[in-house]
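Chemist: Structure below; questions to follow.
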Amino acid sequence: MDWSKDKGTDVTITLKLFATLSRYLPAQAQRNIARLELQDGATIGSVLDALGVPRGEVHLTLVDGVFVPLDALDGRRLKDGETLAVWPPVAGG
């Protein structure tokens with residue numbers, strides 16, 4: 001996806017992808033964080049799809065610390081200044 005601001009974008013978010021999902025971050029990411037400039041109306045699902053993140057690898061999604069159910073990813077529009085954080089399933093013990 002072209003994240004360029006000059007393409008009519010007007011929403012900037014912070015994206016945090018954790019653990020194995022960090023491999024899907026764009027090149028400009030530092031550590032596990034990237035700032036993305038999106039078109040108004042972009043959803044969590046559209047961002048994940050554009051980055052190539054397989055939905056089956058998404059386990060927990062938060063926007064500004066608030067849980068977003070997996071079945072709501074395509075309907076939850078992102079707003080300017082929000083932080084989207086996504087985790088894969090984790091195992092351990």
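Chemist: Of the labelled options (1) 1.51; (2) 1.06; (3) 1.02, which one gives Cα Rg over 2.2 N^0.38 Å as computed for this structure?
Modeler: (3)
Chemist: Given the -39500 (n - 2.57) contribution per DSSP H run of 4+ residues, what per-residue ellipticity at 222 nm results for the chain, rounded to the nearest 500 deg cm²/dmol?
Modeler: -2500 deg cm²/dmol
Chemist: Let me ask another. Please give, to one decimal in nm, the separation of the simple spin-label points placed at Thr43 and Asp80, each 7 Å out from Cα toward the Cβ.
Modeler: About 2.3 nm separates the two model spin labels.
Chemist: Around Thr83, under 9 Å between beta carbons, what's the net of Lys plus Arg minus Asp minus Glu among the other residues?
Modeler: Spelling it out: positives minus negatives among the neighbours equals -1.
Chemist: Putting +1 on Lys and Arg Cβ atoms and -1 on Asp and Glu Cβ atoms, find which of Leu17, Val63, Gly75 reaches farthest to the positive end of the dipole of the chain.
Modeler: Positive-end residue among those listed: Leu17.
Chemist: Expected output is a single nm value to one decimal: the length gained when fully extending between Asp71 and Asn32, i.e. 0.36 nm times separation in residues minus the C-alpha distance. What is it?
Modeler: 11.6 nm
Chemist: Once you charge only the Cβ atoms, +1 for Lys and Arg and -1 for Asp and Glu, what is the size of the charge dipole of the chain about its Cα centre, to the nearest 20 debye?
Modeler: The calculation lands at about 300 debye.
Chemist: For region 34-74, what class follows from the C-alpha gyration tensor (a ≥ b ≥ c being the square roots of its eigenvalues): rounded when a/c is under 1.5, otherwise prolate if a/b is larger than b/c, else oblate?
Modeler: Taking the square roots of the gyration eigenvalues as a ≥ b ≥ c, region 34-74 is oblate.
Chemist: Calculate the spin-label point distance for Asp64 paired with Val90, positioning each point 7 Å from the Cα along the beta-carbon direction, and give it in nanometres.
Modeler: 2.4
Chemist: Could you order Thr61, Thr14 by accessible surface area, starting with the largest, using a probe radius of 1.4 Å?
Modeler: Ranked list, largest accessible area first: Thr14, Thr61.
The values are calculated or read from the model by the stated rules, or taken from the named source; none is laboratory data. These numbers come from a predicted model, not from an experiment. Because the Cβ atoms are built from the backbone with ideal geometry, glycine has one as well, and the counts that use them run over all protein chains shown. Each accessible area value is taken on the protein alone, full model and side chains, heavy atoms only, with ligands, DNA and RNA left out. Shrake-Rupley method; radii C 1.70, N 1.55, O 1.52, S 1.80 Å.
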